[in-house]
Amino acid sequence: MSVPYETAAYEPAESPESPEEHLARLLGRALNSFELPDEVLGRLDCALAHDSSLHSAHHSAGLHRETYRHTWLLADGSAVTLWELVHNTAPGGEAQHELYSDDEELHAATARLPLPPETPDFELPVLLQLSAIPEPRHVYAPEDSADHARRLLRRAENPDRPDAELAALLATAAGHQITQAFGRPGRTVRAGLSYALYEHAFLLPDGREVSLWEVEHTATPDGRHMCEVYATEAAARGAMERRAARQA
């Protein structure tokens, strides 16, 4: 038998929601929202993006049960998942919504539902995975990241630094992390010169990650420190190699 998705109790939002609006909508319709741990809800205060997907469904003899996975990406790069159970097994047949922060609690709640045993004639399991939030590569600190990007680009002295379009994108940054990328230029560097490469990774509100690559060096006529910024690691390392070749 086919699963009647068009009559499912879950109704997606008519327009894009912010992470806060999405959470508020879930809590507002869940019968057991008061049972969710305060620690979990507190972490969701710093959510930057969210993703929802239908995890499974069971439709049989007029009764239905769907399980949805709601995941939020946080400013520190971690993620929080809430499981929503939707079913019409209560007296009256009205759709009931329940939320769980632990998948074991979800399984226990599902097992209590008065649904017929799973059989090939009546059970059609559904597994639908929508585009999930990617695992962040960094741990981000939400410390005025947009201003950090602006100051970094302002002190860049190379004429081929990132353009205004990328600068405008980074003006929305919600978190950043700075790490040193090791590895010297491939050529022999004259004594007294120094090179350093840093990755400035930024987290955007939609969960995307964008990096700027900073080259600091003293390969200048007067030996002063100079800052160059590039949009890719390859461009930054290429610039280091060219300078090292001229100074060898």
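Scan region 217-248 residue by residue and report those that are surrounded by 13 or more Cβ atoms within 10 Å (Cβ to Cβ), hydroxyl-bearing (Ser, Thr, Tyr) and within 36 Å of the chain's Cα centre (by Cα).
Residue satisfying the conditions is Tyr230 alone.
Taking the condition of being under 18 Å from Pro19 (Cα atoms), assigned to a helix (DSSP H, G or I) and acidic (Asp, Glu), how many residues in region 34-67 meet it?
Result for region 34-67: 3.
List, please: which pairs have Cβ atoms under 9 Å, are six or more places apart or on different chains, and start with a residue in region 234-245 that is outside the structural domain of Tyr195 (by TED's automatic domain parsing) and touching a residue at least 12 places away in the same chain (Cβ under 8 Å) and end with one that is crowded, with 21+ Cβ neighbours inside 10 Å and part of a helix (DSSP H, G or I)?
none
Mind listing whichever residues of region 178-236 are of a type outside the set (Gly, Ala, Ser), assigned to a strand (DSSP E or B) and modelled with pLDDT under 85?
Listed by number, the list holds a single entry, Tyr195.
The rows are residues; the columns are (1) among the basic types (Lys, Arg); (2) modelled with pLDDT of 85 or more; (3) exposed (fewer than 14 other Cβ atoms within 10 Å of the Cβ); (4) farther than 23 Å from Gly93 by Cα.
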residue: Glu11; (1), (2), (3), (4): no, no, yes, no
residue: Pro16; (1), (2), (3), (4): no, no, yes, yes
residue: Glu20; (1), (2), (3), (4): no, yes, yes, yes
residue: Leu26; (1), (2), (3), (4): no, yes, no, no
residue: Asn32; (1), (2), (3), (4): no, yes, no, no
residue: Pro37; (1), (2), (3), (4): no, yes, yes, yes
residue: Leu41; (1), (2), (3), (4): no, yes, no, yes
residue: Leu44; (1), (2), (3), (4): no, yes, no, yes
residue: His55; (1), (2), (3), (4): no, no, no, no
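Of all residues in region 106-115 being touching a residue at least 12 places away in the same chain (Cβ under 8 Å) and not in a loop (DSSP other than H, G, I, E, B), which is nearest to Glu39 (Cα to Cα)?
Initially, region 106-115 is screened for residues touching a residue at least 12 places away in the same chain (Cβ under 8 Å), giving 106, 109-110, 113-115.
Within this subset, residues satisfying the condition of being not in a loop (DSSP other than H, G, I, E, B) are 106, 109-110.
Working: Leu106: 18, Ala109: 21, Thr110: 24 Å.
Taking the candidates together, the pick is Leu106.
Report, by residue number, each residue of region 136-177 that is hydrophobic (A, V, I, L, M, F, W, C), at pLDDT 90 or above and out of contact with any helix residue (DSSP H, G or I) (no Cβ under 6 Å at 6 or more places or on another chain).
Ala146, Leu152, Ala156, Ala164, Leu166, Ala168, Leu169
In region 79-99, which residues are under 18 Å from Glu20 (Cα atoms) and without any contact (Cβ under 8 Å) to a residue 40 or more places away in the chain?
Answer for region 79-99, where residues must be under 18 Å from Glu20 (Cα atoms) and without any contact (Cβ under 8 Å) to a residue 40 or more places away in the chain: Thr81, Trp83.
The values are calculated or read from the model by the stated rules, or taken from the named source; none is laboratory data. Just so we're clear, the structure is a prediction, and the values are computed from it rather than from any experiment. Every residue, glycine among them, receives a Cβ derived from its backbone with ideal geometry; neighbour counts consider all protein chains shown.
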